[in-house]
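S.K.: Dropping a structure here in structure tokens format, bear with me for questions.
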Amino acid sequence: MAATNASAEAEARSILERAAESFPPLHAVHHLLSVGACVRCILRLLGAYNTACSCASLTSSVLHSFLEEHDDSIKGGSCSCLSADDSYCSVCLGVLLPVWHQDDGLEMPHNENISSMISRVVQKEGYQVDEFSLEISLPAVIAANERAFRLYMKQKFGNEDWFRDKMFPQQTMSAKEALRLLIVPSLEKQINAKHGTSSFRIRLTYTHGDASQKLHSLLPNEHSHKRKPGSRNGSDTSNEAHKRNSTDANNKQISESDSFIYKTLESMHDQEFCNLIQLPPEKVSKPCHLVISCLRSPIYIGGRYLKLSRNVSQSCWIIDDERMGEASVEEIIGENVRAICRGDSCKFHAAGREDIDVRMLGSGRPFLVELLNVRSIPSEIEVQQIEDRINNSEKKYVTVRNLKLVGNEIWTMMREGEAEKQKQYAALIWTSRELAENDLHNISVTKDMEIVQKTPIRVLHRRSPLERKRIIHWMQIEKVTNGSNYYLLHLCTQAGTYIKEFVHGDLGRTHPSIGAILGCRAEILQLDVTDVKMDFLQ
């Protein structure tokens, strides 16, 4: 252990030796350390911060020792530039040390670095990770501190030649970029994954309520952004609900406060800033609070489904707390997919829909399952397992085919194809009179007939009262063997045609209808969708 510590300290000192080539006079570096800036903020604000960021052993005490050896002005004398209290960096608020507060209010253990903590979160959630991107959110007060520190340096050292030669702030590195460089190399090793542009995102959200609120109160127009007072009606709520509501409200307040701070600082001139803000910024007694969260962008699994039951809805259908039908396509497919991918939730999207009492046969209806924040991306073998699991279920309500993991561009293709598609049906109908051969012939030779449909009475309570023109591309009709006045009607129509209403006329709201064409009453008894013509996962 001693050898390891000695090696780490030697690495840190080597970094300082190289950085010192671009240092200002060491007395200036020493002064910046004495006013509360950490070693990483000093290096990055002096434009000398590069490989230093990934060296965890580079601490303010190491810099202080380096300065004692090389700065003649403090050799042999007592120096109190390193604070003996528990304060944190006056610029980054401890973010680049790095220490932070967990949700339970405890600081990160000194023997565990930030990368280890992130790795534990990823492992606890069970994410399969090949690549990741790191997102960092810092409180706006850090940006204000950086500006205050640069202006302080200008006041303190502005007349010295070394400072005038510097190009501030072009040479400086942001705290966010410095933190990323500090974390990424070790995190890549911890989770055995590369950092880059990825659908799996690790987000670090830092907040510092006390510092942010103090800065907020100093800025102009603060009174218009005060938090609304909480409710005082004395209502009794559970501790969990109270804690959750308080957290949500606090997060919203912090976000609004940061937005106000950024906007105000952008419009503020340096002189006005110096009149309002303390230079240099003061140190804080506690570090930032950190929330580590992981999120994977949605993935899509697409295919075609066949619905073989006349008592299964497409989506879960509940009226007055009573379930309609035995199951739903959405639940049967979605739950099986989500179980394999271990997602937070899923959304079911289909190219159109059929009524609960209508079967979906033939090649099936195109669909997509959108899976949110999955822990693992399924392999081809696992996708096949999902398909087999659905198709081999005891209750043969729904089967699927051509199941595939697809990109999000398929969503656009399905939406565009849905508007242009044609659909084929088979309907069992009854007529009030027996049809002659001439009737059957007249129906079968009909091609591309335009009909006008008002919103059906049965859906008028949930659909706008519109009038739609639709095309019946072709029809064929045949008599059911041994069935008096029963016929099987096959037809191909434009997407969006109400087939039931086309048969019976819906009290004249659809015209022409089969009943109107035949000059008799016509009723539909059963309906099947036999094909959805779309070039989608065929």
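The values are calculated or read from the model by the stated rules, or taken from the named source; none is laboratory data. Computed from a prediction, not measured in an experiment: that's the story for all the values here. We place every Cβ from the backbone using ideal geometry, glycine too, and count neighbours over all the protein chains shown. To get the accessible areas, we keep the full protein, side chains included, count just its heavy atoms, and leave off ligands, DNA and RNA. Shrake-Rupley method; radii C 1.70, N 1.55, O 1.52, S 1.80 Å.
S.K.: Scan around Q314 for amide H atoms under 5 Å from its own, H built in the peptide plane at 1.01 Å from N, and keep only partners 5 or more places away or cross-chain.
M.R.: Long-range HN contacts for Q314: V329.
S.K.: A follow-up question, please. Once ligands and nucleic acids are excluded and a 1.4 Å probe is used, how much of D210 is accessible, expressed in Å² to the nearest 10?
M.R.: It works out to around 90 Å².
S.K.: Using θ = phi - 60° and the Karplus curve 6.51 cos²θ - 1.76 cosθ + 1.60, what whole-Hz ³J(HN,Hα) does each residue of segment 445-457 get, with Gly and Pro shown as x?
M.R.: Calculated HN-Hα couplings, in order: 8, 5, 9, 6, 7, 8, 10, 10, 10, 7, 3, x, 4 Hz.
S.K.: If every alpha-carbon in segment 298-420 counts as one equal scatterer, what log10 I(q)/I(0) does Debye give at q = 0.09, 0.13, 0.19, 0.22 1/Å?
M.R.: -0.23, -0.49, -1.05, -1.35
S.K.: Taking 0.36 nm per residue of separation and subtracting the Cα-Cα distance, what length does fully extending Q385 through Q526 add? Could the numbers behind the result be given before it?
M.R.: Values: separation 141, 0.36 × 141 = 50.76 nm, distance 3.35 nm.
47.4 nm is the gain from fully extending Q385 to Q526.
S.K.: Now for a separate question. Testing the spin-label approximation: label points 7 Å from Cα along Cα→Cβ at S217 and K447. State their distance in nm.
M.R.: 8.3 nm
S.K.: Out of segment 432-494, which GluC sites (Glu not before Pro) are coil in DSSP terms and have no more than 15 other C-beta atoms within 10 Å? Before the final figure, lay out the partial values.
M.R.: Details: sites: E434, E437, E450, E467, E478; in loops: E434.
Taking segment 432-494 and a limit of 15 other Cβ atoms within 10 Å, the loop GluC sites (Glu not before Pro) found are E434.
S.K.: Could I ask something else about it? Among residues other than G508 whose Cβ falls under 12 Å from its Cβ, what is the net charge (Lys/Arg +1, Asp/Glu -1)? Each step should come with its number before you reach the end.
M.R.: Numbers: positive: K454, R509; negative: E501, D506.
That sum, taken over residues with Cβ under 12 Å, equals 0.
S.K.: Hey, another quick one. Can you figure out the FRET efficiency of E434 with Q128, using R₀ = 51 Å and their beta-carbon distance, to the nearest 0.05? Present the calculation step by step, with values, prior to reporting the outcome.
M.R.: Numbers: r = 65 Å, r/R0 = 1.27.
With R0 = 51 Å, the Cβ-Cβ based efficiency is 0.20.
S.K.: Treating only the Cβ atoms of Lys and Arg (+1) and Asp and Glu (-1) as charged, compute the dipole magnitude of segment 352-476 about its Cα centre; round to the nearest 20 debye.
M.R.: Working: 21 positive and 19 negative charges, 88 e Å.
So the magnitude is around 420 debye.
S.K.: Work out from phi, with θ = phi - 60° and the Karplus expression 6.51 cos²θ - 1.76 cosθ + 1.60, the ³J(HN,Hα) of each residue of segment 402-415, listed in order in whole Hz, and give x for Gly and Pro.
M.R.: Values, residue by residue: 6, 5, 8, 7, 10, x, 6, 5, 5, 4, 5, 4, 5, 5 Hz.
S.K.: Can you give the net charge of the other residues whose Cβ lies under 13 Å from the Cβ of E272, counting K and R as +1 and D and E as -1?
M.R.: Details: positive: R147; negative: E266, D270.
Once all neighbours under 13 Å are counted, the net charge is -1.
S.K.: Compute, for H490, the solvent-accessible surface of its heavy atoms (probe 1.4 Å) with the complete set of protein chains present, and express it in square angstrom to the nearest 10.
M.R.: That residue has around 50 Å² of solvent-accessible surface.
S.K.: What ³J(HN,Hα) values, in whole Hz, does the Karplus curve 6.51 cos²θ - 1.76 cosθ + 1.60 give for segment 120-136 when θ = phi - 60°, with x put for Gly and Pro?
M.R.: Karplus values, whole Hz, x for Gly and Pro: 5, 5, 4, 5, 4, 6, x, 6, 8, 10, 10, 8, 8, 10, 10, 10, 10.
S.K.: With point charges of +1 on the Cβ of Lys and Arg and -1 on the Cβ of Asp and Glu, referenced to the Cα centre of segment 423-532, which listed residue (L435, Q526, S484) lies farthest in the positive direction of the dipole?
M.R.: Going by the charge dipole, the pick is Q526.
S.K.: Also: If you average the C-alpha positions of segment 30-47 and of segment 323-341 separately, how far apart do those two centres end up, in angstrom?
M.R.: The two parts, judged by their Cα centres, are 58 Å apart.
S.K.: Would you pull out the residues with amide H under 5 Å of D531's amide H, same chain only if 5 or more places away, H placed 1.01 Å from N?
M.R.: Placed amide hydrogens put Q424 under 5 Å from D531.
S.K.: Further question on the same structure: How compact and how long is segment 423-532, expressed as Rg and Dmax of its alpha-carbon atoms in Å?
M.R.: 13.4, 42
S.K.: Could you sort R296, R180, R389 by their accessible area in this structure, using a 1.4 Å probe and putting the largest first? Can you show the working numbers first?
M.R.: Values: R296 15, R180 70, R389 120 Å².
Sorted descending by solvent-accessible area, the residues read R389, R180, R296.
S.K.: In debye, nearest 20: dipole of segment 298-420 around its Cα centre with unit charges on the Cβ of K, R (+) and D, E (-)? Walk me through the intermediate numbers first.
M.R.: Details: 17 positive and 21 negative charges, 71 e Å.
Here segment 298-420 has a charge dipole of around 340 debye.
S.K.: Same structure again: Sequence gap at least 6, Cα distance under 8 Å: using those rules, report the relative contact order of segment 423-532 to the nearest whole percent. Could the numbers behind the result be given before it?
M.R.: Values: 227 pairs, mean separation 44.4, N = 110.
Reported relative contact order: 40 percent.
S.K.: In segment 360-411, which GluC sites (Glu not before Pro) are in a loop and have at most 14 other Cβ atoms within 10 Å, using DSSP for the loop call?
M.R.: Working: sites: E370, E380, E382, E387, E394, E409; in loops: E394.
Passing both the DSSP loop test and the Cβ count: E394.
S.K.: Could you give P(r) for segment 391-487, binned at 5 Å from zero, as whole percent values over all Cα-Cα pairs?
M.R.: Going out from 0 Å in 5 Å bins, segment 391-487 shows 2, 8, 10, 13, 14, 16, 16, 12, 6, 2, 1 percent.
S.K.: While we're looking at this one, here's another question. Residues of segment 298-420: accessible area per residue at 1.4 Å, in Å²?
M.R.: 48 Å²
S.K.: Charges only on Cβ, +1 for Lys and Arg, -1 for Asp and Glu: so what's the dipole of segment 401-538 about the Cα centre, in debye to the nearest 20? Walk me through the intermediate numbers first.
M.R.: Numbers: 19 positive and 17 negative charges, 96 e Å.
Using only the charged Cβ atoms, the result is roughly 460 debye.
S.K.: To the nearest 10 Å², what's C38's accessible area with a 1.4 Å probe?
M.R.: Accessible area, nearest 10 Å²: 10 Å².
S.K.: Using only alpha carbon pairs under 8 Å that are at least six residues apart, calculate the relative contact order of segment 298-420 and give it in whole percent. Don't skip to the end; give the middle numbers.
M.R.: Values: 232 pairs, mean separation 48.1, N = 123.
Relative contact order of segment 298-420: 39 percent.
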